[in-house]
Amino acid sequence: MTLWLTLLGMALVTFALRAAFLLLPPGVELPPLFKRALRYVPAAALTALWGRPRCWRRMNNCPPALSQSLWRGAGAPRSLR
Amino acid sequence: VLLGIVPFGVVTGVAMVASGIPPLVAMLMSVIVFAGASMVASAQLLAAHAPVLLVVLATLVINLRFMMYSASLRVHFAHAPLGARLAVAYLIADNVYGLMLARFGEHPDDPGKLEYFLGAGVVVWAAWQAAVAAGILIGAGVPPEWRLEFAAPLAFIAISIPLLRDRAMVAAAIAAAAAILLAQDLPLKLNILVAAGVGILAGLLFERRKS
């Protein structure tokens, strides 16, 4: 039951965010400060998720070859730009 | 674009199953939510027995950027029929938005915008679902003693490092990392939301100081 509620909540929230400005009447704009803050949301939120000590403990199970490939791969999009 | 989607989709599928989400529910989540980072995050939080409200709030924070994309895409689709706008909303994703911006960012009056967005969106969507399905199959077929829990942190690192494009973004990430360590004893996993808030504030302050 908890899982289904979570799934429903996630689906509603995500679609509402995606549809927000596509469905609103023209003329409604985001405040400039909010727009600027949105820029930092992915970097801050994702770092908060993987910066947790619990997350790092899980990384102990990661094979060294795989983690090395990951760091190389994470740098790749930058070099493609 | 597809080269970037497939590995992350596979890792997301593996991470969800490794966190204890049943394979069918994981696939359903992928189809309905269609937002990789929040799916991995929710799997992590569910595995840690976080309350539903917190999982939904974390989804809201992680996916806030879609609101920014939605605001930006309104310039192109404000006068499209309702059904088309709903389809556009469902298909909004980082890479589809990036493709749209690259093609029509400087030429917003060119024809064929809706067709281009829907075409790119459907291809990305299909590749993503196939990759997640492959990840779920791999994750479900692996014996528990292989301990694939590291898949989720790997997925987060893979998404977040390319985001650190400028100093303000790096400041936001460092502040969030410091805050998550300092706030790790907060109840209900609220440390994630607090750390994200601190990171956003740090990014804004850095940007202000620089200007």
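Note on region B:185-211: residues that are buried (at least 20 other Cβ atoms within 10 Å of the Cβ) and without any contact (Cβ under 8 Å) to a residue 40 or more places away in the chain total 8. For region A:11-19, the count of residues that are facing another protein chain (nearest Cβ under 7 Å), at pLDDT 85 or above and in contact with a Leu (Cβ under 6 Å, 6 or more places away or on another chain) is at least one. For B:Ala93, which of the numbered conditions (1) modelled with pLDDT of 85 or more; (2) open to solvent by 20 Å² or more (accessible area, probe 1.4 Å); (3) aliphatic (A, V, I, L, M) fails to hold? It fails just one condition, (2).
Within the bounds of region B:20-39, is there any residue that is free of Cβ contacts under 8 Å to residues at least 12 places away in the same chain and surrounded by 18 or more Cβ atoms within 10 Å (Cβ to Cβ)? Within region B:20-39, none of the residues are free of Cβ contacts under 8 Å to residues at least 12 places away in the same chain and surrounded by 18 or more Cβ atoms within 10 Å (Cβ to Cβ). The residue that is modelled with the highest pLDDT, among those in region B:47-90 that are among the β-branched types (Val, Ile, Thr) and open to solvent by less than 10 Å² (accessible area, probe 1.4 Å), is B:Val88. Listed here are the helices (runs of 4 or more DSSP H) enclosed by region B:43-95 that have at least 3 residues being facing chain A (nearest Cβ under 7 Å) and either within 26 Å of B:Gly20 (Cα to Cα) or in contact with a Lys or Arg (Cβ under 6 Å, 6 or more places away or on another chain) (or both): B:52-62, B:65-77. Selection of first residues in region A:1-15 that are closer than 14 Å to B:Ala26 by Cβ and of second residues that are open to solvent by less than 70 Å² (accessible area, probe 1.4 Å) and among the polar types (S, T, N, Q), restricted to Cβ pairs under 7 Å at least 6 apart or on distinct chains, gives the following pairs, ordered by first then second residue: A:Thr6/B:Ser42; A:Met10/B:Ser38; A:Met10/B:Ser42; A:Met10/B:Thr59. Please work out if B:Leu182 is open to solvent by 40 Å² or more (accessible area, probe 1.4 Å), closer than 18 Å to B:Pro51 by Cα and of a type outside the set (S, T, N, Q). Here the answer is no, as B:Leu182 does not meet what is asked.
The values are calculated or read from the model by the stated rules, or taken from the named source; none is laboratory data. What you see is a predicted model; the values in this text were computed from it and never measured. Don't worry about glycine lacking a Cβ; one is built from the backbone with ideal geometry, like all the others, and counts go over all protein chains shown. Accessible surface is based on the protein model in full, side chains and every heavy atom, while ligands, DNA and RNA are left aside. Shrake-Rupley method; radii C 1.70, N 1.55, O 1.52, S 1.80 Å.
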